Each structure stands twice: as structure tokens, then as C-alpha cells.
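This report refers to the structure that appears directly beneath it.
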Amino acid sequence: MVQLFGRSYTRREVAAHAGMLSQFAGVRLMTLGDGVERGIRMLEFRTGSGLRFTVLLDRAFDVADCEYKGQAIGWNSPSGFRHPGLHEYEGEGGLAWLRSFSGLVVTCGLDHILFMHEDKSDHYHYVHRKSVSSSIHGRISTIPGKLISYGEQWDGDECTLFCEGVIQQSAVFGEDLHLIRRIEAKLGASEFTIQDRVVNHGFYRTPHMFCYHINIGHPVLSEGSRYLAPVAHTVWAAHADDYKKQEVGYRRLPGPRANFHEQVWQHAMAADAAGQIPVAIVNDALGLGFLVETNKNEFPCQFQWQNFQEGQYAVGIEPSTNHVYGKPFAQERGELIWLEHGEEKRYRTRFAVLDGAQAIAATEKRITAIATQPDSDYPAPSNRWDPIPGRGKPARQTTGARA
């Protein structure tokens with residue numbers, strides 16, 4: 001049964017009340033037509049509960065806008081949803097990615113996810129290519145996707161809104177990785193899932209790294225909003241050398257600040273019995289929150305991004321396949337994923353609106369039952385890098401953190 005407008009409907013009853021489902025909900029294909037966004041194909045999802053979000057087909061099927069009953073959840077940066085044809089991947093010393101950085105979900109990967117890096121390219125067996133250069137957060141988010149299918153799918157009296165597509169990150173004498181993405185939302189629900197498969201379509205042994213930059217804005221983020229997570233210990237903080245300078249900890253979040261410098265934390269998260277890690281940003285005053293749920297086997301690492309600069313105001317939840325020091329650190333510890341031809345990695349992530357004090361309290365209770373997060377706003381970084389199992393032997397032994 002479909003839950004809409006405070007009551008249950010069968011498929012027949014839904015159809016009886018309107019000529020088309022689009023009166024209540026659906027998935028609509030459109031094209032943006034002005035400014036830096038001109039020409040981007042976009043799917044608009046409306047679930048009928050008040051949840052609306054958009055998917056940018058020409059930017060890796062990433063989620064751009066997200067709102068609930070007219071209240072914004074996703075972040076819109078000053079860059080706008082820039083057309084990938086305007087993007088200069090190698091520009092500004094690898095920082096040109098920041099000119100295309102906007103939206104609720106920005107995918108990082110597929111072979112690199114963190115800071116700019118120059119890596120050996122011996123595995124591609126091409127003498128004229130000595131190295132692979134990677135910008136911040138990798139290439140995938142500015143690659144147009146191929147739309148395979150979208151629409152509404154009924155199964156008895158339940159309806160799923162969906163889209164599916166393929167994004168190729170490929171080069172001659174280089175990687176040939178395919179991201180196969182499916183996004184689903186139930187009719188009448190206030191949540192959606194992203195289901196990803198990353199497949200090595202090529203015939204070179206290829207590295208793989210993956211991360212979601214999930215960016216939540218005002219009004220979910222506001223002065224007094226809280227970060228809720230099953231934090232076992234805080235591993236690292238980018239600003240640990242002057243921890244309290246900006247007077248912003250990890251738990252309770254401030255309003256916009258002048259000249260704020262971004263802060264990034266890595267937290268070691270505990271998981272529930274099913275391996276799930278729930279993390280939420282909640283605004284108690286508004287009675288609104290947003291939950292991101294990942295699986296620890298898929299994303300063993302988690303970062304918290306704080307950008308409270310006026311005009312760029314956002315907080316980020318970042319599940320990752322690797323620690324914050326990126327590819328060199330992963331290689332040293334034997335934690336870098338390598339995919340042979342036809343091998344793949346799968347990821348499933350749930351995104352849910354928390355509507356009202358009761359939903360927020362239930363989520364907080366669930367998180368606390370998994371692990372009680374540190375009471376201090378400034379937990380001392382442990383510098384304890386939990387091993388990521390099942391990824392081969394390290395290139396050489398390392399003793400922990402490094403700059």
C-alpha cells in the first residue's frame with residue numbers, strides 16, 4: 001500500500017484519484033537552460049511526501065537540489081551546477097574542481113578521492129605515460145552519464161520511482177572504470193537510496209577509491225544544529241595544531257562566520273549488528289534532520305567537513321573507502337583497492353528525512369545504542385588508524401599519521 005496524505009492507497013485508488021501519477025509524484029526529465037548550468041539534463045523526483053530532489057545526468061547522476069515540504073536540505077554553492085563542458089580538470093593546480101562543487105551529493109573517485117596527487121602509472125604499460133595526475137577528489141563528478149532508464153515501477157500496490165545510468169571514466173592507456181548508478185525512492189516515502197557498482201571494464205589492473213561528499217545546508221544546518229554519529233574515537237583533525245582557534249567543535253554547529261577556514265575531521269565509527277552506520281545532522285528548533293546510512297564494509301572511513309564561511313555555509317558527511325591521507329597512505333598500508341578486468345565493488349547508501357522531534361529522538365536513541373559519541377566538542381585526536389582488512393599486503397610498513 002502507498003502512504004499518501006495521511007492515508008493508505010492501493011494502486012487502483014491512486015489511479016482513480018487523478019488522470020496521471022504526476023499529479024502527486026513522479027520522475028520528470030528536463031534540461032537546464034541558462035548560465036553555467038545551460039544544457040545539463042536533470043531528473044526531478046517527487047515522492048508525494050513533500051520530498052523533492054534532482055539528479056544531474058550530465059554530472060555523474062549526482063544529487064543536486066533536495067528539499068522537504070519546501071525546506072532546503074541540500075547545499076547550493078556559489079559555483080552553481082556548472083556544465084561539465086566548462087570544466088578544466090587540470091586547472092588551478094588541481095583545485096579547479098572547486099568551480100564545479102555544489103549539491104547534496106558529489107561523488108569522488110573513481111581511482112582517486114582526496115588531495116591532489118601524482119602517482120606512478122606502470123600498471124598501464126605505456127612507456128610515454130610516466131605518471132597519473134589527479135586533482136582534488138578525482139574526475140568522476142564532472143563526467144556526463146548515459147541514461148539507461150527512469151520512471152515509475154509498480155509491484156502490486158507499491159511503487160518505486162527510479163533512474164539508472166552509466167558513467168564512464170576511461171582513457172586509452174589508462175583506466176576504464178564504469179560507475180553504474182541506480183537511484184530509488186518509494187512513492188509516499190521521505191527517503192531514497194543510491195546503489196552503485198564500480199566495474200573495471202578495462203584489461204589493466206586498476207586502482208579504485210570512492211567517497212561521497214554529502215553536503216547539507218540551511219535550514220537543516222543552522223546555529224545550534226547537531227552532528228549525531230556513533231563515533232568510537234576521533235582519529236584526526238586538519239586543524240589539530242590549533243584546535244580551538246575558531247571556537248567550533250564537532251558536535252554543536254554555529255551560524256555563518258566571517259573568514260571561517262574549513263575544518264575536516266576523521267571519525268572512527270562503530271556499526272550496528274548489520275554493519276550499518278547512521279549519521280545525521282539535526283535541527284531541533286526546526287524539528288528537521290537528515291540521515292545518511294552507510295555500510296562499514298563498503299565505507300570503513302568517515303569524514304566530517306565543516307565550511308561555515310558566510311555565503312558558502314555547509315556541513316559535509318563523507319563516507320570513504322580509505323583514510324583521509326589518501327592514495328599514498330593506502331598504498332603504504334596495503335589498503336588500496338585494485339580491480340582486475342570484470343571485477344567490481346558495490347555500495348548502497350540510504351538518505352532519509354527526519355521529520356519532527358519524535359523522528360530525531362528515535363534516530364539519536366539508535367545511534368547512542370551503537371556508540372556514545374565523545375562528550376567533548378574537541379575530542380583529542382587518537383591518531384589511531386584502524387586497519388582496513390582484506391586489501392593485500394602493504395608496500396612498506398608505516399607507523400601511523402603523517403603530513
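Assuming a ≥ b ≥ c are the square roots of the Cα gyration tensor eigenvalues, decide whether segment 126-258 counts as rounded (a/c under 1.5), prolate (otherwise, with a/b larger than b/c) or oblate. Here segment 126-258 falls in the oblate category. With R₀ fixed at 30 Å, the C-beta to C-beta distance from Ala258 to Asp386 puts the FRET efficiency at about 0.20. Of all stretches in the chain that contain no GluC sites (Glu not before Pro) in a DSSP loop with at most 11 other Cβ atoms within 10 Å, the longest one is 91-246. Straight-line reach from Lys69: taking Cα to Cα under 24 Å and skipping same-chain neighbours fewer than 8 places apart, the lysines in range are Lys186. Extension gain for Asp122-Gln71 works out to 13.4 nm (0.36 nm per residue, less the C-alpha to C-alpha distance). Orientation-averaged projection of segment 278-403 equals 10.7 nm² [convex hull of Cα atoms, one quarter of hull surface area].
For segment 87-222, what % of the accessible area comes from carbon and sulfur atoms, probe 1.4 Å? So the carbon and sulfur contribution to the accessible surface is 52 percent. Rg and Dmax of the chain, based on Cα coordinates, read 21.1, 67 Å.
Given a cut-off of 14 Å, what percent of all Cα-Cα pairs of segment 285-343 lie beyond it? Numbers along the way, then the final one.
On the way: 1189 of 1711 pairs.
Roughly 69 percent, rounded to a whole number.
Here is how the number arises for the chain: DSSP H runs of 4 or more residues each give -39500 (n - 2.57), the sum is divided by the residue count, and the result at 222 nm is -2000 deg cm²/dmol. Got a sec? Which residues in segment 327-362 would a label at Ser170 touch, if it sits 7 Å along Cα→Cβ and we count backbone N under 18 Å? Within reach of a label on Ser170, which here means backbone N under 18 Å from a point 7 Å along Cα→Cβ, segment 327-362 contributes 339-345.
Ligands, DNA and RNA are left out, and with a 1.4 angstrom probe the accessible area of the chain is 43 Å² per residue.
Seen from a random direction on average, the alpha-carbon convex hull of segment 97-151 projects onto 5.7 square nanometres. When you count the other C-beta atoms within 10 angstrom of each residue and take the mean per peptide, 15-26, 205-216 line up highest first as 205-216, 15-26. Once both labels are positioned 7 Å from their Cα atoms along Cα-to-Cβ, the gap between Thr31 and Glu332 label points is 4.9 nm. Once the C-beta distance of Arg348 and Lys244 is scaled by a Förster radius of 41 Å, the resulting FRET efficiency is 0.60 to the nearest 0.05.
Compared with the alpha-carbon gap, the fully stretched path from Ala16 to Asp375 is longer by 123.9 nm at 0.36 nm per residue.
Counting only C-alpha contacts under 8 Å and six or more residues apart, can you give the relative contact order of the chain as a whole percent? Don't skip to the answer; put the middle values down first.
On the way: 1024 pairs, mean separation 59.5, N = 403.
It rounds to 15 percent for the chain.
Arrange the peptides 377-384, 47-54, 102-109 so that the one whose residues have, on average, the most other Cβ atoms within 10 Å appears first.
Details: 377-384: 15.0, 47-54: 21.8, 102-109: 25.4.
Peptide ranking by packing, descending: 102-109, 47-54, 377-384.
The length gained on full extension between Phe5 and Lys130, counted as 0.36 nm times the residue separation minus their Cα-Cα distance, comes to 39.0 nm.
Here's how it looks for Met209: its modeled amide H is under 5 Å from those of Asp111, His112, which are all 5 or more places away or on a different chain. Taking amide H as placed 1.01 Å from N in the peptide plane, the amide H of Glu343 sits under 5 Å from that of Asn200, each at least 5 places away or on another chain.
The values are calculated or read from the model by the stated rules, or taken from the named source; none is laboratory data. Fair warning: this is a prediction, and the values are worked out from it, not measured in the lab. Note that each Cβ is placed from the backbone with ideal geometry, even for glycine, and that neighbours are counted across all protein chains shown. Just so you know, the surface numbers come from the protein's heavy atoms only, side chains and all, with ligands and any DNA or RNA stripped out. Shrake-Rupley method; radii C 1.70, N 1.55, O 1.52, S 1.80 Å.
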